[in-house]
Amino acid sequence: FKPGRNGLAGLAQCIEMHAPLALVVLMLGTNDFQSMHPHTAWHSAQGIAALVAAIRSAPIEPGMPVAPVLVVAPPPIGTP
């Protein structure tokens, strides 16, 4: 949620430059859930929803398909 620390800035332009795309893969980072940050799963869901919305609304050429989005979450880590 800090400026310059998320993938939202420039994402639509990147999608437009590389369109058409067969698939967009978004990987959640494990550092987003470090104990020093007060983030919850809800915060993560809001962030990923903003990224997916930007991908789906990117200015691609008329007639080009909007690429499906695959969200990948890191596996749970039980023991540090």
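Grab the beta carbon distance between L70 and A50, set R0 = 22 Å, and tell me the FRET efficiency rounded to 0.05.
Once rounded, the FRET efficiency stands at 0.85.
Could you tell me what percent of the accessible area of the chain is made up of carbon and sulfur, with a 1.4 Å probe and every protein chain present?
So the carbon and sulfur contribution to the accessible surface is 63 percent.
Could you work out the helix-only [θ] at 222 nm for the chain, with each DSSP H run of four or more residues adding -39,500 (n - 2.57) and the total divided by the number of residues, to the nearest 500 deg cm²/dmol?
-9500 deg cm²/dmol
When the chain is fully extended, how far beyond the present Cα-Cα distance does V25 get from H43, taking 0.36 nm per residue of separation?
4.6 nm
Send over a whole-number figure in Å² for the accessible area per residue of the chain, probe 1.4 Å.
On the way: 5960 Å² over 80 residues.
Ligands and nucleic acids excluded, the result is 75 Å² per residue.
Sorting check: for 14-26, 64-76, 47-59, which peptide has the highest mean count of neighbouring beta carbons within 10 Å, and how do the rest follow?
On the way: 14-26: 13.5, 64-76: 11.8, 47-59: 15.3.
Output ranking for 14-26, 64-76, 47-59: 47-59, 14-26, 64-76.
Going by alpha carbons, how many degrees (0 to 90, nearest 10) lie between the helix axis of 41-56 and the longest principal axis of the chain?
On a 0 to 90 degree scale, this one is about 10.
The values are calculated or read from the model by the stated rules, or taken from the named source; none is laboratory data. As the structure is a computational prediction, the values presented were derived from the model and not from experiment. Positions of Cβ are backbone-derived with ideal geometry, glycine not excepted, and every protein chain shown enters the neighbour counts. These accessible areas exclude ligands, DNA and RNA; they are computed on the full protein's heavy atoms, side chains included. Shrake-Rupley method; radii C 1.70, N 1.55, O 1.52, S 1.80 Å.
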